[in-house]
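Below is one structure, written out as structure tokens, with a few remarks after it.
The values are calculated or read from the model by the stated rules, or taken from the named source; none is laboratory data. Computed from a predicted structure; not experimentally measured. All Cβ positions, even for glycine, are placed from backbone atoms using ideal geometry, and neighbour counts span all protein chains on display. Just so you know, the surface numbers come from the protein's heavy atoms only, side chains and all, with ligands and any DNA or RNA stripped out. Shrake-Rupley method; radii C 1.70, N 1.55, O 1.52, S 1.80 Å.
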Protein chains: 2
Amino acid sequence: MGDSTKQLDRAFAALADPTRRDLVARLSIADATVGELAEPYDVSLQAISKHVKVLEDAGLVTRSKDAQRRPVHLNPEALDLMTQWIERYRRDAEARYRRLDALLARTAQDDEERGTDKEQAS
Amino acid sequence: MGDSTKQLDRAFAALADPTRRDLVARLSIADATVGELAEPYDVSLQAISKHVKVLEDAGLVTRSKDAQRRPVHLNPEALDLMTQWIERYRRDAEARYRRLDALLARTAQDDEERGTDKEQAS
DNA sequence: GTTGTATTCAACCAATTAGTTGAGGACGAT
DNA sequence: ATCGTCCTCAACTAATTGGTTGAATACAAC
């Protein structure tokens, strides 16, 4: 199992939680310490610390050291990895459906021209 | 809690599993029945059926009825919803870091021009 | 050195999840 | 009507997860 597999596992799992998505949204505006991040929620500071650790293990954020503070910093490259995975397959699927739609439209037009309603093209 | 919140919860959680990501990858090529999907893996058919249900509850796939078969069909729009969420915040973060980098570069240049190496800007 | 602040570690609990096996439902073919 | 096929439902298990509280660490400041 490739290494990027586990990375994607963790990244998608990390964003599956609404609190963690909210943290990411806030970190896209500005870096913040764990304490600052925890302030708006009515869960314990430790719970938020855990959430940040999940984001960190997923590679979505990094932490630096500033005295006893640990400023959390969003890592856009990890987000980019996710979109690239998704977009690859979304594009394939959409291209396929466009081709299928075009084929169906052409077939329907042919039928109409021939005045047929329910025939096999053999 | 918004409705799109739960949708995103489920979609991200669904793609957090490597087997389910593999299913999505294969469905981007062609629709397939549960039996066909299950064939390559060495887990039970029921396990794959459950995985497909998770993808379905997340809105990532739909199922039609063809006799006793249930062809599974990838839904690119759900994937699009995910990329839109991610890209919004990725763009914000990257724009912010670009601005910060530019500022730092400018400051470093100013320092150099003044011949200073480690000074506070008041 | 003692105090205060910022954060993590550890142990625990309840809920969820990915897997199993066994039974059952829906449908086509004979 | 019965048989085989495709698939889901139900019940169970083991592992993971999001939350809790209490103790410990790291550092600045006094």
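Out of the residues in region A:18-42 meeting the condition of being of a type in the set (A, V, I, L, M), touching a residue at least 24 places away in the same chain (Cβ under 8 Å) and more than 13 Å from every other protein chain (Cβ to nearest Cβ), tell me which one is least open to solvent (accessible area, probe 1.4 Å). Only one residue fits best here, namely A:37. The helices (runs of 4 or more DSSP H) found wholly in region A:1-77 and carrying at least 2 residues that are more than 10 Å from DNA strand D (Cβ to nearest atom) and closer than 26 Å to residue B:57 by Cα occupy A:3-15, A:18-27. Only one of the numbered conditions (1) within 13 Å of another protein chain (Cβ to nearest Cβ); (2) within 11 Å of DNA strand C (Cβ to nearest atom) is violated by residue A:8, and that is (2). In the set A:46, A:68, A:7, A:84, only one residue is open to solvent by 80 Å² or more (accessible area, probe 1.4 Å), under 13 Å from the mean Cα position of the chain (by Cα) and not acidic (Asp, Glu); that residue is A:84. Can we say residue A:101 is open to solvent by 70 Å² or more (accessible area, probe 1.4 Å), among the acidic types (Asp, Glu), in a helix (DSSP H, G or I) and closer than 19 Å to residue B:79 by Cβ? Taking the combined requirement at face value, the residue satisfies it. A search for C-beta distances below 9 Å between a residue of region A:55-79 that is more than 12 Å from residue A:28 (Cβ to Cβ) and at the interface with another protein chain (Cβ under 10 Å from one of its Cβ atoms) and any residue that is modelled with pLDDT of 95 or more and assigned to a loop (DSSP other than H, G, I, E, B), counting only pairs 6+ apart in sequence or on different chains, returns A:77/A:59; A:78/A:58; A:78/A:59; A:78/A:60.
Scan region A:22-39 for residues that are among the small types (Gly, Ala, Ser) and either within 10 Å of DNA strand C (Cβ to nearest atom) or over 16 Å from residue B:86 (Cβ atoms) (or both) and report the count. Please lay out each step first, then the result.
The initial filter retains those residues of region A:22-39 that are among the small types (Gly, Ala, Ser), namely A:25, A:28, A:30, A:32, A:35, A:38.
Next cut, either within 10 Å of DNA strand C (Cβ to nearest atom) or over 16 Å from residue B:86 (Cβ atoms) (or both) only: A:30, A:32, A:35, A:38.
The number of residues fulfilling the criteria is 4.
Pick out the one residue from B:107, B:19 that is under 30 Å from residue A:75 (Cα atoms), among the polar types (S, T, N, Q) and within 12 Å of DNA strand C (Cβ to nearest atom). Can you show your working first?
Numbers: B:107 fails: within 12 Å of DNA strand C (Cβ to nearest atom).
So the residue among B:107, B:19 that is under 30 Å from residue A:75 (Cα atoms), among the polar types (S, T, N, Q) and within 12 Å of DNA strand C (Cβ to nearest atom) is B:19.
The set of residues from region B:87-96 being more than 7 Å from chain A (Cβ to nearest Cβ) and open to solvent by less than 90 Å² (accessible area, probe 1.4 Å) comprises B:95, B:96.
Within region A:44-51, can one find any residue that is facing another protein chain (nearest Cβ under 10 Å) and either modelled with pLDDT of 95 or more or touching a Gly at 6+ places or on another chain (Cβ under 9 Å) (or both)? No.
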